[in-house]
Each structure stands twice: as structure tokens, then as C-alpha cells.
Amino acid sequence: MTKKQLFWWIILLLLIAALVGGITYAVYYFYYLPNQQPAETENPPAEEGPQTQTFSGEFVTGETPQGWTIVEYKNGQGTTMLTSGVNYTGLTALEVKNPTGDVVFALHAVYGIGGAGGCTNYYRFSDDSTTYYNSILAENSAAGSNPPTIVDLTNSTSSSISLFGLRIRRIAAKLYWDTQSADAATFSAACGMSENTFQFTSPQFVPGTQAAEGDYHFVILTTATSEDLITLDSILNSLTVNP
């Protein structure tokens, strides 16, 4: 075989190799790939919502997110707002704590602690009761006090809470409760001595041999975050008195 013939044989072999490669690529690209089943991908796990737990105490039951706790105190414990020398029975304090242990909300039983009547401030919502306002004016007048300063809350945004039969509104870290909670058409915000003291028909505590009492002073953490306050709303709304 001459050098010239060898050269052309090499060229021919290269052309054949190129042709075979082209055919192989075409078959792979136009036939093999389109007929492949797409690989099944595992669905990512669904995000779980906030985990809650049921608190079942001696006196109340409620739902709390993971890390939040409710603490009950009874028989005179947990409060400094009771007259000494009396044996108390029943729920005398309650605390709601966030995951870091801060007491975001607390109830303290009140008994035997007096004070002046009347209201220094009057909290007016858009559904205020004129009858209620006039009764406050009369109480102030009877106590020799000036008319209360009106705190206008008519345009304020509030969250609603129902706690042991009371209608409550929260604006930031302050709670207002309706002294006429049975009347859903109006909101008569407590003021004066009652401003920070709920008056429950249940739960209650018993001072000695006297009739059951339902006055509980409440405290809300003024430095609580907005997230903690929203969580508190949910917890308070879930609370019920045990039968």
C-alpha cells in the first residue's frame, strides 16, 4: 500500500468514526432522552405549625404553645393583696410565663383592701355607653371629685379577649375590661379601683367563712414583645374554669 492509499484509508476511517459518532449522538438526543421517565423527587416535609399543649390545672384548663407555662397558686399563696389572719381556699393567683420564664400575665386575688371611689380617667371606645359614663360622673360628684379625664380610644386598634366570661380589649400592653360584659352592644371600660381588677363570677376564692369572692388584680408585662402579646391573647382566650 502506497503512502497515498494509506492517507485516504485514514481519512475514510475518520469519516466513518465521525458518522458513527453523529448517529449515536442523534439517537441518544432525539430518542433516548425524550423517552426517559423523570426522576421522582421526594416531597419536602410539610412545615409544622406551632405546637400546642393542653394545661390541665386544678382550677383551669387551657392551651399553650410549646415552652409557655401556666402556674396556679391556691389557698392564699401567690398574692400579697389579701388581708392577713384569714384562711383562704381556692385559686388565689395565676401566672402565664413565656419560654424565657418571664411572667407575661398574672392574676392576684384581692380581699380586704379598700380605696377611694370614683375615676381619674375614663376610657372611651367607639361603642361607649352613655349611661355608664353618666354613672361615673355621678360617682365622682358624690366623692367630691372632678369629672374624669376622657382617654379617647375610639380610633384605636385593639384585640379582643374573652376570659372567664369577661369581654376584654388589649391595646399594646394594656388591658381594658367591660364592666357590662353581658351587653355585647356596648363596651364600658372599667376605671378607678376596678381598672386593673377583674370581677369574676368564676373562678373565685373563699376567705374564711365568708362568701366566695371573684376579685383578681391583673398585671401584664409592659415590656412584652408584640409576638408574646399575641400569644397571650390566644392563651387567655383558651382558658376555661374546671367544673
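Readers should treat all values here as calculations from the given coordinates under stated rules, not as data from a laboratory. Predicted model, so just to flag it, every value in this text is computed and none were measured. We place every Cβ from the backbone using ideal geometry, glycine too, and count neighbours over all the protein chains shown.
Worth pointing out:
- Computed from the C-beta positions of residue 126 and residue 240 and an R0 of 30 Å, the FRET efficiency is 0.55 to the nearest 0.05.
- Were the residues from residue 71 through residue 182 laid out at 0.36 nm apart, the gain over their Cα-Cα distance would be 37.1 nm.
- Positive dipole terminus of the stretch 128-211, leading residue within 164, 154, 181 (C-beta point charges): 164
- Dividing the C-alpha radius of gyration of the stretch 53-241 by 2.2 N^0.38 Å, with N its residue count, gives 1.06.
- Once the C-beta distance of residue 209 and residue 230 is scaled by a Förster radius of 35 Å, the resulting FRET efficiency is 0.25 to the nearest 0.05.
- Between the stretch 167-243 and the stretch 104-148, the C-alpha centres lie 15 angstrom from each other.
- Amide H contacts of residue 127 (H built 1.01 Å from N, under 5 Å, at least 5 apart or other chain): 187
- Length-normalised contact order of the stretch 199-243 in % [C-alpha pairs under 8 Å, at least 6 apart]: 30
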